[in-house]
Amino acid sequence: MNLQARGITEPNLVIGAAFAYGDLVHLCAGMWDMAARNTFGATTLSSYGGFWIAFAFIFTPSGFGI
């Protein structure tokens, strides 16, 4: 989407990946690292998961009123 390859300019393509992989997987991995007492892993993975949540909310078509 960012490169506009093949004429794709709408963010609809990345929303599923942002919610599924970016949000869910990173947040779960961050919580598992927290349980394993790995502070660095918990901080980085949870922060990255939070970024993907915000990214997906902003680019969700006609959603969340943002």
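If you scan region 40-61, which residues turn out to be in contact (Cβ under 8 Å) with a residue 24 or more places away in the chain and assigned to a helix (DSSP H, G or I)?
Tyr48, Gly49, Phe51, Trp52, Ile53, Phe55, Ala56, Phe59
From the set of residues in region 2-39 that are at positive phi and assigned to a loop (DSSP other than H, G, I, E, B), which is modelled with the highest pLDDT? Please lay out each step first, then the result.
Step one: of region 2-39, the residues at positive phi are 4, 6-7, 37.
If we keep only those that are assigned to a loop (DSSP other than H, G, I, E, B) too, we end up with 4, 37.
Details: Gln4: 68, Arg37: 93.
That would be Arg37.
Would you mention how many residues in region 40-66 are exposed (fewer than 15 other Cβ atoms within 10 Å of the Cβ) and at negative phi?
Summing the residues that are exposed (fewer than 15 other Cβ atoms within 10 Å of the Cβ) and at negative phi in region 40-66 gives 9.
The values are calculated or read from the model by the stated rules, or taken from the named source; none is laboratory data. These numbers were taken from a predicted model, which means no experiment stands behind them. Glycine gets a Cβ as well: all are built from the backbone with ideal geometry, and neighbour counts include every protein chain shown.
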